[in-house]
Amino acid sequence: MMLDSTDSYVTEDGRTIGGVVMEMKNITLRFGGVVAIKDISFDIREGEIRAIIGPNGAGKSSMLNVISGFYVPQDGEVLFHGKPRPHMKPYEVAQQGIARTFQNIALFEGMTVLDNVMTGRLNKMNSGLLAQAIWRGKAEQEEIENREKAEKIIDFLEIQHIRKTPVARLPYGLKKRVELARALVSEPSILLLDEPMAGMNVEEKEDMSRFILDVNDEFGTTIALIEHDMGVVMDLSDRVVVMDYGKKIGDGTPSDIRNNQAVIDAYLGVAHD
Amino acid sequence: MFYREAGDFKTSYTDDNQTFPIKFDRYRYYVVLAVAFGIIPFLINDYWANAFLLPFLIYSIAAIGLNILTGYCGQVSLGTGGFMAVGAYACYKLMTAFPDVNIFFHVIAAGGVTAIVCTAFGLPSLRIKGFYLAVATLAAQFFLVWLFNKVSWFYNYSASGQINAPERTVFGVPVTGANTEAWATYLFCLVFLAISAIIARNLTRGMQGRKWMAIRDMDIAAEIIGVNPMRAKLSAFAVSGFFIGISGALFFAVYLGAVEVGEVFGIQKSFLVLFMIIIGGLGSIFGSFAGAAFLVLLPVALKLVGVDLLGWPTDIVAHIQLIIVGALIIIFLIAEPHGIAQLWRVAKEKLRLWPFPH
Ligand SMILES: Nc1ncnc2c1ncn2[C@@H]1O[C@H](COP(=O)(O)OP(=O)(O)OP(=O)(O)O)[C@@H](O)[C@H]1O
Ligand SMILES: [Mg+2]
């Protein structure tokens, strides 16, 4: 199936996938002598779940960091809604509606679950320092409106019972869920998930998969996720990018990828020349 | 079973967001306010005002200021003494330049000036963190003291190099100068503390506080979810400087009346206020009060017990004080970084469910 960048189509399970929202064009990223990403291009379509897979050290997290504005590639550009994106600080990227979670959980350990989630609303709140100091009128109003949104996500991800618990006291699986809540509550148009299920048991993985599908389905959020569990990737994603040693070795639907010789070699550990 | 949460249900987010969500806490807060404003002014005498109440009120404001910067935003500062000096000298220059303006506004303006100076010295925090930032603020401390000694414009060219607070009144009652009464100076400082505490509480429970804490807990993640790190850090320096400047102005104008900068606002002051928030509790407004009360009362109590009661020599008691403070700092840093405030919280949590813990 060949699609234009503006075409849309309907998936087997009835979701509409739109045109390209984000495009990586010939991205190259080096750290000193290490080439983490070598001339990679791919795109992400509106409403799809796009997986990025590859062995350890392939450069997957680096790719998300480029999208987040955290790493600046030496070559290539990122197109957002068809326009080349100028160099942006991470917080500016966040303001554009791109939210993410991290491979190693990056929550605010000293704050409660509720405060962590509320922090995710920060781009939606704009009362000034003085208004907040007085806490009457707009500041209080805003706090309550945004609290309602936060509580909705907290309900959605089934973490009501730990609302007031400091994050440092939570087990790993719940932390991952809180981090997803913090990203989701900002109502992102694109959600980047770096190994959302790493280190989870089967049951937790099932829960997490369900949440990801629900997010995509209910909010129409475009999702790019990195995942090692092939079963999960094949189940969840509409399209997959495969990376190995910084290079793109495959790009297509899950069934394309399953039958791609280069991908099979990379996963079976065939020697590189 | 007086202290209870059970049965105290919240039906709106406004209720749940209150500073004192539990009824009993709220009543206790009103009682404290009533005693502070309505009873103590009638009982106060010069000894208690000077030995405990005034320094407690003024240091509490400074501790709140430093706690916002260090406890909430995670930026260590050893420049508190220097910033208090900025407040003191700003207040002095304003008092002498505009004698007709009410001292209340001079103190506020002194806070404003200090906020600007503190923000300027906070600029290195955009590049450096932790230990290196502490050293940079230490440089600010020494530079500011040197500046106020060196440039005689700051002390209006007085021969002694000191600054002296002229008499100023509020509603006709003197609050600075030689003819003040204990209740008036006490109330004047109390008003500033009450306002500072309310502002600090409002800022820290809302989005601004979350941005500060996000920077403190993990600055990279904070930036990736949309916190502008420059704004968050500099606003912490500004708000912190505002409170510290007010406390410096009050310390000079109301409490001491005359100040020689190196003696009063030296590096010891920076450490004293830092110890207050470590012992009281980092990242807690209540902890700022607790730490200030503790370190102001400790020497008074030790003198009462050691010197007056047991007849020990003064210098031994002074050394005991140093040992106690040193030991407490180590204990709190290692065992309970959230200080007295956390011990208090744990005690309350136990009480909350007492007598049925399950
Ligand atoms: N900040 C950095 N400085 C130096 N080298 C880096 C940095 N970040 C990543 N690298 C290097 O870039 C390469 C790709 O790393 P990356 O973290 O993107 O891999 P990954 O595909 O996410 O692997 P994993 O599955 O283990 O998470 C690795 O060789 C890594 O050592
Ligand atoms: Mg990775």
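Odds and ends about this structure:
- Which numbered condition A:Asn104 misses (of (1) within 16 Å of A:Arg182 (Cα to Cα); (2) in contact with a helix residue (DSSP H, G or I) (Cβ under 6 Å, 6 or more places away or on another chain)): (2)
- Residue in the stretch A:86-103 that is within 16 Å of ligand 2 (Cβ to nearest atom) and either of a type in the set (Gly, Ala, Ser) or out of contact with any Leu (no Cβ under 8 Å at 6 or more places or on another chain) (or both) present: yes
- Condition check for A:Ser61: open to solvent by 10 Å² or more (accessible area, probe 1.4 Å) and within 16 Å of ligand 2 (Cβ to nearest atom): yes
- Tabulated pairs, the stretch A:43-66, first in the same structural domain as A:Asp7 (by TED's automatic domain parsing), second assigned to a helix (DSSP H, G or I) and near ligand 1 (Cβ under 8 Å from one of its atoms), C-beta under 6 angstrom, 6+ apart or interchain: A:Ile52/A:Lys60; A:Gly54/A:Lys60
- From B:Gly266, B:Gly283, residue being open to solvent by 20 Å² or more (accessible area, probe 1.4 Å) and of a type outside the set (A, V, I, L, M, F, W, C): B:Gly283
- Boolean, B:Leu138 is over 18 Å from the mean Cα position of the chain (by Cα) and not polar (S, T, N, Q): yes
- Selection count where residues are within 13 Å of ligand 1 (Cβ to nearest atom), hydrophobic (A, V, I, L, M, F, W, C) and touching a helix residue (DSSP H, G or I) at 6+ places or on another chain (Cβ under 7 Å), scope the stretch A:234-248: 2
- Residue among A:His228, A:His161 that is open to solvent by 50 Å² or more (accessible area, probe 1.4 Å), within 16 Å of ligand 1 (Cβ to nearest atom) and outside any strand (DSSP E or B): A:His228
- Selection from the stretch A:68-99 of residues that are within 11 Å of another protein chain (Cβ to nearest Cβ) and under 23 Å from A:Val35 (Cβ atoms): A:Ser68, A:Gly69, A:Phe70, A:Pro90
- Consider the stretch B:35-74 and keep the residues that are among the small types (Gly, Ala, Ser) and at pLDDT below 90. The one that is surrounded by the fewest Cβ atoms within 10 Å (Cβ to Cβ) is B:Gly38.
- Taken residue by residue, the stretch A:218-231 has at least one member that is more than 23 Å from A:Ser41 (Cβ to Cβ), of a type outside the set (A, V, I, L, M, F, W, C) and touching a Pro at 6+ places or on another chain (Cβ under 7 Å).
- Qualifying residue in the stretch B:286-304 (condition: open to solvent by 20 Å² or more (accessible area, probe 1.4 Å) and under 23 Å from B:Val107 (Cβ atoms)): yes
- Of all the listed residues (B:Phe252, B:Phe275), the sole one being open to solvent by 10 Å² or more (accessible area, probe 1.4 Å) and away from chain A (no Cβ under 14 Å) is B:Phe275.
- So A:Asn65, is it more than 30 Å from B:His338 (Cβ to Cβ) and within 14 Å of chain B (Cβ to nearest Cβ): yes
- Inspection of the stretch A:257-267 finds a residue satisfying the criterion of being out of contact with any helix residue (DSSP H, G or I) (no Cβ under 8 Å at 6 or more places or on another chain) and among the acidic types (Asp, Glu).
- Filtering the stretch A:30-58 to residues that are within 13 Å of ligand 2 (Cβ to nearest atom), part of a strand (DSSP E or B) and farther than 18 Å from A:Pro196 by Cβ leaves A:Ala36, A:Ile37.
- Residues located in the stretch B:268-285, provided they are within 16 Å of B:Gly209 (Cβ to Cβ) and of a type outside the set (A, V, I, L, M): B:Gly281, B:Gly283, B:Ser284
- The stretch A:101-121, subset outside any loop (DSSP other than H, G, I, E, B) and open to solvent by 10 Å² or more (accessible area, probe 1.4 Å), residue nearest to the other protein chains (Cβ to nearest Cβ): A:Asp115
- Of all residues in the stretch B:225-249 being open to solvent by 10 Å² or more (accessible area, probe 1.4 Å) and at the interface with chain A (Cβ under 7 Å from one of its Cβ atoms), the one that is nearest to A:Asn126 (Cα to Cα): B:Asn228
Residue by residue, here is whether (1) within 16 Å of ligand 1 (Cβ to nearest atom); (2) buried (at least 21 other Cβ atoms within 10 Å of the Cβ); (3) within 18 Å of the chain's Cα centre (by Cα) holds:
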{"residue": "A:Thr6", "(1), (2), (3)": "no, no, no"}
{"residue": "A:Met24", "(1), (2), (3)": "yes, yes, yes"}
{"residue": "A:Val34", "(1), (2), (3)": "yes, no, no"}
{"residue": "A:Ile40", "(1), (2), (3)": "yes, yes, no"}
{"residue": "A:Ile67", "(1), (2), (3)": "yes, yes, yes"}
{"residue": "A:Leu79", "(1), (2), (3)": "no, no, yes"}
{"residue": "A:Pro84", "(1), (2), (3)": "no, no, no"}
{"residue": "A:Gln96", "(1), (2), (3)": "no, no, yes"}
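- Those helices (runs of 4 or more DSSP H) of the stretch B:124-222 in which at least 2 residues are open to solvent by 20 Å² or more (accessible area, probe 1.4 Å) and closer than 15 Å to B:Tyr72 by Cα, considering only elements entirely within it, cover B:182-205, B:207-217.
- Qualifying positions in the stretch A:243-266 - among the small types (Gly, Ala, Ser) and surrounded by 18 or more Cβ atoms within 10 Å (Cβ to Cβ): A:Gly246, A:Gly250, A:Ala266
- Matching residues, the stretch A:175-199, being surrounded by fewer than 18 Cβ atoms within 10 Å (Cβ to Cβ) and either within 16 Å of ligand 2 (Cβ to nearest atom) or assigned to a strand (DSSP E or B) (or both): A:Ala198, A:Gly199
The values are calculated or read from the model by the stated rules, or taken from the named source; none is laboratory data. Small disclaimer: the values here were computed from a predicted structure and weren't measured. Glycine also receives a Cβ, built like all others from the backbone with ideal geometry; neighbour counts cover every protein chain displayed. When the accessible area is computed, the model is the full protein with side chains, heavy atoms only, and any ligands, DNA or RNA have been set aside. Shrake-Rupley method; radii C 1.70, N 1.55, O 1.52, S 1.80 Å.
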